[in-house]
1. What residue, of A:Leu87, A:Leu94, is at pLDDT below 80 and out of contact with any strand residue (DSSP E or B) (no Cβ under 7 Å at 6 or more places or on another chain)?
2. List the residue pairs whose Cβ atoms are under 9 Å apart, where the first residue sits in segment A:43-57 and is within 11 Å of A:Val98 (Cβ to Cβ), the second is in a helix (DSSP H, G or I) and open to solvent by 100 Å² or more (accessible area, probe 1.4 Å), and the two are 6 or more positions apart or on different chains.
3. Tell me whether segment A:388-395 contains one or more residues that are touching a residue at least 12 places away in the same chain (Cβ under 8 Å) and polar (S, T, N, Q).
4. Could you identify the single residue in A:Met182, A:Met209, A:Met195 that is open to solvent by less than 30 Å² (accessible area, probe 1.4 Å) and assigned to a helix (DSSP H, G or I)?
5. Going by the conditions given, is A:Ala444 open to solvent by less than 30 Å² (accessible area, probe 1.4 Å), among the hydrophobic types (A, V, I, L, M, F, W, C) and touching a residue at least 60 places away in the same chain (Cβ under 8 Å)?
6. Are any residues in segment A:397-409 of a type in the set (S, T, N, Q) and either surrounded by fewer than 24 Cβ atoms within 10 Å (Cβ to Cβ) or outside the structural domain of A:Arg321 (by TED's automatic domain parsing) (or both), and if so, which ones?
7. Return yes when A:Arg463 is free of Cβ contacts under 8 Å to residues at least 24 places away in the same chain and open to solvent by 10 Å² or more (accessible area, probe 1.4 Å) and no when it is not.
8. Taking A:Phe235 as the residue in question, decide whether it is of a type in the set (Phe, Trp, Tyr), more than 16 Å from RNA strand B (Cβ to nearest atom) and either surrounded by 15 or more Cβ atoms within 10 Å (Cβ to Cβ) or not in a helix (DSSP H, G or I) (or both).
Amino acid sequence: MIDIKAFRENPARFVQGAKDKGMNVDFPRLTALDEQRRNILTELEHKRAEQNRLGKESGPQIGKLKGQLKAMAEQDRGAIQQQLTALEATPIRLKNEVAVLERMLSDVEPAWAELLLTVPQPPATDVPKGAGSDDNIEIRRWNPTGFDAAKPFATNRGFKPRTHQELVRSLRLVDFERGVKMSGTRHYVLTGMGMRLHQAVIRYALDFMADQRGFQPMGIPVIVREECMIGTGFFPAGREQAYHLEESKRGNSHDLFLTGTGEVGLMGLHAEEILSLDALPLKYVTASTCFRREAGAAGKDTAGLYRIHQFDKVEQVVVCRADDAESRTWHKTMLESVEMILQSLELPYRLLQCCTGDLGVKNEDMIDVECWMPGRGDSTADGVPSGAYGETHSASRLGDFQCRRLNLRYKDEGGRPTFAYALNNTVVASPRIMIPLLEIHQNADGSVTIPAPLRKHMGGIERIEPG
RNA sequence: GGACAGAUGGCCGAGCGGUUGAAGGCGUCGGUUUGCUAAACCGAUGUAGGGGCUUAUACCCCUACCGCGGGUUCGAAUCCCGCUCUGUCCGCCA
């Protein structure tokens, strides 16, 4: 959520920000509602102040007179009753006026709040402008020794690559048919060494973050209340992306939602809290199952492990002081962890600075990491895929957008409660990462070499052999 | 699933329908005293919104907040209704 005060002072910044992100927000309506709301509020507060003043002045008198009235004989009550009526006239008038204003407020307030939630965080000033992912700017590439992703796989390795779909079938790592039988399209079953490879990479990433990078490992709920989804900025915009458990229809108090990323659980942890300065920065890492409906992605990446409804992800999150420079430093540090892991797995990758049009509602700066996947891309004349980079990671800086919604604050040096800044970044998401893992490390004989760091999590084997 | 009990500030814990943003205690911060520490004493110590003043802090004023939402009343932490949450006991259970 944006700061409404910042919006009043400089609406142009938010209007431009939404425009650069390619998002439509009814700003004139927001301005109008905000003004109405403020005017009503001001008047209401004046009336209430008057009420309070009278309550102290004439209130006790009224009470005394009412007491006298009770103790009196019928015929003597007239004079006192008159006094009472006079004393009560103004408070009763105020009461009615307040009621009218309150009704007016309840007309504008909900619409105002709802609209405010839809205003996106403006992109950081140095984020390149652009319409969509085609305008993202490559920052750098990395290749393992002996492999150059700029050249075809066959040139690098001396044989034609199999796609991950072919590999998981011949190596019996994934059973798509039974996955679909049980749960429908975009579902799958990990089998045998497929499950072990999946577990190995998740476990390796979590351990790496905990042991080498000082992040606190957490196990968090993946079933959460709506407040968590709104607080982390996934709702209302992404409502269609989340699985919805309609518990209220079964007589329970709250509906629940399956989270699409561990970020929701990690950020929800300290919602509604005021942290002490020395508690920061929070550095959390979690491994959690993620659920995505992939609404609106019909027909896209339908085959294979690329786009699926359920997967596991190791996610890192940092909550730090409201300081732009500090947030940028953490952004680099988090990405460095990702690069260390990808390099240790010997996967070619590149970093992309996302342009304004590719940002979401909640982030002001985002860098995507794409791994080279030999089985992706258009097929060449001989029917072999050309290979292409595919997104495997995403690292976002959110400013205070998320913490503002979550009401997550800390006491700054001067003791003032301040909304913290938040960042999040994929450490590794599997099975998607298994695509480059299998495709890059495949051998001419159809086997796949397991990168050294994963072997101890796979019973010590070095290769997955066909058959 | 059944039966009870409860929800008040950073924490514990009082609170008659009006003078209670809320006693008392603890904690924290500042000060005094003191070889140091400790103790003692004095003072301060919630959040949000709006306004004033200001270059900006500071400061001043107003409003709201005693789980949440309604209601009664001239006036609600206090009375009434609904909801949520927490705890305890019993049952069931991976």
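1. Being at pLDDT below 80 and out of contact with any strand residue (DSSP E or B) (no Cβ under 7 Å at 6 or more places or on another chain) holds for just one of A:Leu87, A:Leu94, which is A:Leu87.
2. A:Gln51/A:Lys95
3. Yes; the residues of segment A:388-395 include at least one that is touching a residue at least 12 places away in the same chain (Cβ under 8 Å) and polar (S, T, N, Q).
4. A:Met209
5. It is false that A:Ala444 is open to solvent by less than 30 Å² (accessible area, probe 1.4 Å), among the hydrophobic types (A, V, I, L, M, F, W, C) and touching a residue at least 60 places away in the same chain (Cβ under 8 Å).
6. The answer is A:Asn407, and nothing else.
7. For A:Arg463, the condition - free of Cβ contacts under 8 Å to residues at least 24 places away in the same chain and open to solvent by 10 Å² or more (accessible area, probe 1.4 Å) - is met.
8. yes
The values are calculated or read from the model by the stated rules, or taken from the named source; none is laboratory data. Since this is a predicted model, take the numbers as computed values, not measurements. For neighbour counting, all protein chains shown are included, and Cβ atoms are generated from backbone atoms with ideal geometry for every residue, glycine included. Only protein heavy atoms, including side chains, enter the accessible area calculation; ligands, DNA and RNA are left aside. Shrake-Rupley method; radii C 1.70, N 1.55, O 1.52, S 1.80 Å.
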